[in-house]
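Peer 1: Questions regarding the structure given below will be posed in turn.
The values are calculated or read from the model by the stated rules, or taken from the named source; none is laboratory data. Small disclaimer: the values here were computed from a predicted structure and weren't measured. Here Cβ is always computed from backbone atoms with ideal geometry, including for glycine, and neighbour counts include all displayed protein chains.
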Amino acid sequence: MLPKQRKIAIMGYRSVGKSSLSIQFVEGQFVDSYDPTIENTFVKTTKINNQEYDLKLVDTAGQDEYSILPIQYSMDIHGYVLVYSITSPKSFKIIQIIHDKLLDMTGKIHVPVVLVGNKKDLHMDRVVTQEEGQKLADSWKAVFLEASAKQNEITSKKCIADIFHTMLMEIEKANGNTVRE
Ligand code: GDP
Ligand code: MG
């Protein structure tokens, strides 16, 4: 079987850990001082259920409530990983604005999304509950996961791989393909 080409955008407010999650997934390490302003595309090949995927991850520079999303984000992107930090109420508010803008721009009522509450290692500073994240994702018919890009344990790395695997499965579903859960 030929590999499937998939392009995924990672979006969210600044400093929520978009680059850290991308680099943790692609390179398996936590990089503490990553230039926050640049947009970068990472490539990775991954295999699920015997199907190979050539993944392009667009690690965006971040959005705020005033950002106008580039039109390319609606054209050749198959799915969106929307990230907030569980320590930042503002990032949680902004992720809702970004989702609204994505629907507006694509003209769709549903786009494949995985909602990620990052920095779950900072539980002392938590302000967004797991229930709030889950409820928001439910309202979008999206999948919700919490993660930490900083923790380097195997379970945490698996959790980050899960984000991108789940994203690929959500894209398959949106394409009308049945997916083995
Ligand atoms: P981006 O602007 O969304 O790409 O965010 P970065 O990936 O550049 O991360 C912003 C800051 O948050 C950096 O100082 C990271 O080291 C830190 N950071 C990212 N993810 C985590 C996490 O899961 N836990 C903790 N404690 N810090 C994180
Ligand atoms: Mg970044």
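Peer 1: Can you run down the residue pairs with Cβ atoms below 7 Å, 6 or more apart or on separate chains, where the first is in region 58-80 and farther than 15 Å from residue 36 by Cβ and among the aliphatic types (A, V, I, L, M) and the partner is modelled with pLDDT under 90 and in a strand (DSSP E or B)?
Peer 2: Listed by first residue and then by second, the contacts come to nothing, as the list is empty.
Peer 1: Among (1) without any contact (Cβ under 8 Å) to a residue 40 or more places away in the chain; (2) more than 25 Å from residue 52 (Cα to Cα), which single condition is residue 143 missing?
Peer 2: In the conditions (1) without any contact (Cβ under 8 Å) to a residue 40 or more places away in the chain; (2) more than 25 Å from residue 52 (Cα to Cα), residue 143 misses (2) alone.
Peer 1: Follow-up question, since we're still on this one. Give the residue that is farthest from ligand 1 (Cβ to nearest atom), with candidates limited to residues of region 47-61 that are assigned to a loop (DSSP other than H, G, I, E, B) and exposed (fewer than 15 other Cβ atoms within 10 Å of the Cβ).
Peer 2: 50
Peer 1: To continue, here is another question. Scan region 100-110 and tell me whether some residue there is surrounded by 14 or more Cβ atoms within 10 Å (Cβ to Cβ), more than 12 Å from ligand 1 (Cβ to nearest atom) and within 28 Å of residue 154 (Cα to Cα).
Peer 2: If we filter region 100-110 for residues that are surrounded by 14 or more Cβ atoms within 10 Å (Cβ to Cβ), which is where we start, we get 101-103, 105-106.
Those left that are additionally more than 12 Å from ligand 1 (Cβ to nearest atom): 101-103, 105-106.
With the extra rule that they be within 28 Å of residue 154 (Cα to Cα), the set shrinks to none.
No, the conditions are met nowhere in region 100-110.
Peer 1: Cβ-Cβ under 7 Å, sequence separation 6+ or interchain: first residue in region 22-46 and more than 13 Å from residue 62 (Cα to Cα) and more than 13 Å from ligand 1 (Cβ to nearest atom), partner in a helix (DSSP H, G or I) and among the β-branched types (Val, Ile, Thr). Which pairs?
Peer 2: What qualifies is 44/26.
Peer 1: Give me a count of the residues in region 16-29 that are surrounded by fewer than 17 Cβ atoms within 10 Å (Cβ to Cβ) and either assigned to a strand (DSSP E or B) or in contact with a helix residue (DSSP H, G or I) (Cβ under 8 Å, 6 or more places away or on another chain) (or both).
Peer 2: 2
Peer 1: Give me the residue from region 1-21 that is among the aliphatic types (A, V, I, L, M) and closer than 20 Å to residue 113 by Cα and, out of that set, nearest to ligand 1 (Cβ to nearest atom).
Peer 2: Top of the filtered list is 16.
Peer 1: While we're looking at this one, here's another question. Among the residues of region 130-152, write down those that are within 15 Å of the chain's Cα centre (by Cα), within 16 Å of ligand 1 (Cβ to nearest atom) and assigned to a helix (DSSP H, G or I).
Peer 2: 133
Peer 1: Additional query: Does residue 88 satisfy the condition of being surrounded by 14 or more Cβ atoms within 10 Å (Cβ to Cβ), over 23 Å from residue 155 (Cβ atoms) and away from ligand 2 (no atom under 14 Å from the Cβ)?
Peer 2: yes
Peer 1: So, one more: Out of the residues in region 153-170 that are assigned to a helix (DSSP H, G or I) and charged (D, E, K, R), state the one that is surrounded by the fewest Cβ atoms within 10 Å (Cβ to Cβ).
Peer 2: 158
Peer 1: Can you report the number of residues in region 77-119 which are assigned to a loop (DSSP other than H, G, I, E, B) and under 16 Å from the mean Cα position of the chain (by Cα)?
Peer 2: Number satisfying all stated conditions: 7.
Peer 1: Of all residues in region 1-44 being more than 17 Å from the chain's Cα centre (by Cα) and among the hydroxyl-bearing types (Ser, Thr, Tyr), which is nearest to ligand 2 (Cβ to nearest atom)?
Peer 2: 34
Peer 1: Kindly indicate the residue of region 88-121 that is out of contact with any strand residue (DSSP E or B) (no Cβ under 9 Å at 6 or more places or on another chain) and hydroxyl-bearing (Ser, Thr, Tyr) and also modelled with the lowest pLDDT among those meeting that condition.
Peer 2: 106
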